[in-house]
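Asker: Below is a structure I'd like to ask you about.
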Amino acid sequence: MAAHMTVPSDAQLIKAQADLQRHSLTYLTSMALRCAIELGIPTAIHRLGGTASLADLMAALSLPPPKAPFLSRVLRLLAKSDALSCTEDGVYSLTPLSYILVDGVLIDGEARQIAFPLAVTSRYHMESGLGLADWFKNDRALPVPSPFEHVHAAAPFDESMTLLDPETDKLFYEALAAHDHMGIGTVVRECRGLFNGLESLTDCCGGDGTTARAIVKAFPHIKCNVLDLPKVIEKVPSDGVVNYVAGDLFHTVPPAQAVMLKRNFGI
């Protein structure tokens with residue numbers, strides 16, 4: 001017997017349609033943020049003294065006049081998503097989110113944050129998402145490749161990505177560094193208790209060692225190892241502050257009281 005379906009009420013159907021459109025168009029928020037970064041909107045507002053009208057931005061960005069109505073839509077969407085602030089008169093200003101996207105702003109003296117949104121909205125991640133249904137239907141022997149690998153025959157943070165697109169591979173590492181660099185300053189300041197009694201730590205996929213150096217700076221007694229792939233470690237000059245180890249965390253991890261694992265990104 002077929003399962004009985006309850007017919008939604010008119011009010012529920014109206015809400016369902018609104019929800020459907022919201023879910024279907026959410027990606028435009030990410031695209032608008034990427035557009036703002038590539039155009040340099042946060043930096044332009046900063047250089048204009050912290051506030052700017054649509055006309056101010058059109059002039060500062062040297063955009064063709066017919067594009068003004070479309071830029072206005074992008075700005076309104078950014079304001080709706082808290083990437084910008086907007087007055088009733090249409091004057092835009094920076095929020096904490098757009099502040100960290102201003103050219104030259106380095107959180108805790110380290111990496112630019114623009115790399116992260118540019119990386120996760122790259123065509124490689126977008127195409128991976130578009131191929132998700134095909135990935136689920138594909139019957140592959142173990143180990144199952146990620147959707148990214150299924151579509152591109154390459155994996156982020158792997159030699160295969162370097163061969164596929166060196167510039168995007170570099171962007172992925174910059175994005176990972178930006179994520180790590182911003183987070184550790186907050187952790188050290190707000191969660192000092194986590195490091196009580198700790199004498200040694202291994203930062204897996206620690207990149208150039210910025211995270212480990214920040215920990216050592218705040219807690220000089222902690223001995224830190226930085227583990228990453230040889231292609232990453234060989235580019236990092238030894239500084240005597242932390243111990244750099246070339247290797248693969250899936251094979252061996254330098255012994256320590258604690259191991260730091262950080263969130264990866266991608267599909």
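Asker: Rolling a 1.4 angstrom probe over the protein heavy atoms, how many square angstrom per residue are accessible across the chain?
Answerer: 61 Å²
Asker: Still on this structure, please answer the following. Report the FRET efficiency, 1/(1 + (r/R0)^6), for Glu159 and Leu39, where r is their Cβ-Cβ distance and R0 is 35 Å, rounded to 0.05.
Answerer: So the FRET efficiency works out to roughly 0.55.
Asker: Please give the contour-minus-distance gain from Ser62 to Leu249: 0.36 nm per residue of separation, less the Cα-Cα distance, rounded to one decimal in nm.
Answerer: That works out to 62.5 nm of additional length.
Asker: Right, here's the next one. Kindly provide the helix-only [θ] at 222 nm of the chain, computed as the sum of -39,500 (n - 2.57) over DSSP H runs of four or more divided by all residues, to the nearest 500 deg cm²/dmol?
Answerer: Using -39500 (n - 2.57) per qualifying helix, the result is -14000 deg cm²/dmol.
Asker: Tell me, what does the Kirkwood hydrodynamic radius of region 195-261 come to in angstroms if you use every pair of distinct C-alpha atoms?
Answerer: 11.7 Å
Asker: I've got another one for you. Using label points projected 7 Å from each Cα along Cα→Cβ, tell me how many nm separate Lys223 and Leu198, to one decimal.
Answerer: Each label point is offset 7 Å from its Cα along the Cβ direction, giving 1.6 nm.
Asker: Let me ask something additional. Tell me, what is the FRET efficiency for Met5 and Thr29 to the nearest 0.05, using R0 = 30 angstrom and their Cβ-Cβ distance as r?
Answerer: FRET efficiency, Met5 to Thr29: 0.35.
Asker: Output ³J(HN,Hα) for region 72-87: one whole-Hz value per residue in order, computed from phi by the Karplus curve 6.51 cos²θ - 1.76 cosθ + 1.60 with θ = phi - 60°, and x for Gly and Pro.
Answerer: Ordered by residue, 3J(HN,Hα) equals 4, 5, 4, 4, 5, 5, 5, 5, 5, 9, 6, 7, 9, 10, 9, 7 Hz.
Asker: Here's another thing I want to ask about it. What percent of all Cα-Cα pairs in the chain falls into each 5 Å bin, going from 0 up to the bin containing the maximum distance?
Answerer: Reading the bins upward from 0: 1, 5, 10, 12, 13, 13, 12, 12, 10, 6, 4, 2, 1, 0, 0.
Asker: In a shell of Cβ-Cβ distance under 15 Å around Arg123, excluding Arg123 itself, what net charge do Lys and Arg (+1) and Asp and Glu (-1) give?
Answerer: It works out to a net charge of -4.
Asker: Right, another one. Given the pairs Lys231/Lys262; Lys80/Lys262; Lys137/Lys170, which span a C-alpha to C-alpha distance of over 26 angstrom in this model?
Answerer: Flagged as over cut-off: Lys80/Lys262; Lys137/Lys170.
Asker: In whole angstrom, how far apart do the alpha carbon centroids of region 246-260 and region 19-34 sit?
Answerer: Region 246-260 and region 19-34 have Cα centres separated by 39 Å.
Asker: Just need the relative contact order of the chain here, percent rounded to a whole number, with Cα pairs under 8 Å and 6+ apart.
Answerer: Averaging sequence separation for qualifying contacts and normalising by length gives 13 percent for the chain.
Asker: Kindly identify region 25-100 as rounded, prolate or oblate by the Cα gyration tensor criterion: order the square roots of the eigenvalues as a ≥ b ≥ c, call it rounded if a/c is under 1.5, otherwise compare a/b with b/c, prolate if a/b is larger, else oblate.
Answerer: rounded
The values are calculated or read from the model by the stated rules, or taken from the named source; none is laboratory data. From a predicted model like this one, the values you see are computed outputs, not experimental measurements. Methodologically, a virtual Cβ is constructed for each residue, glycine included, from the backbone with ideal geometry; neighbour enumeration extends over all protein chains shown. Heads up: the accessible areas ignore ligands, DNA and RNA and are worked out on the full protein's heavy atoms, side chains in. Shrake-Rupley method; radii C 1.70, N 1.55, O 1.52, S 1.80 Å.
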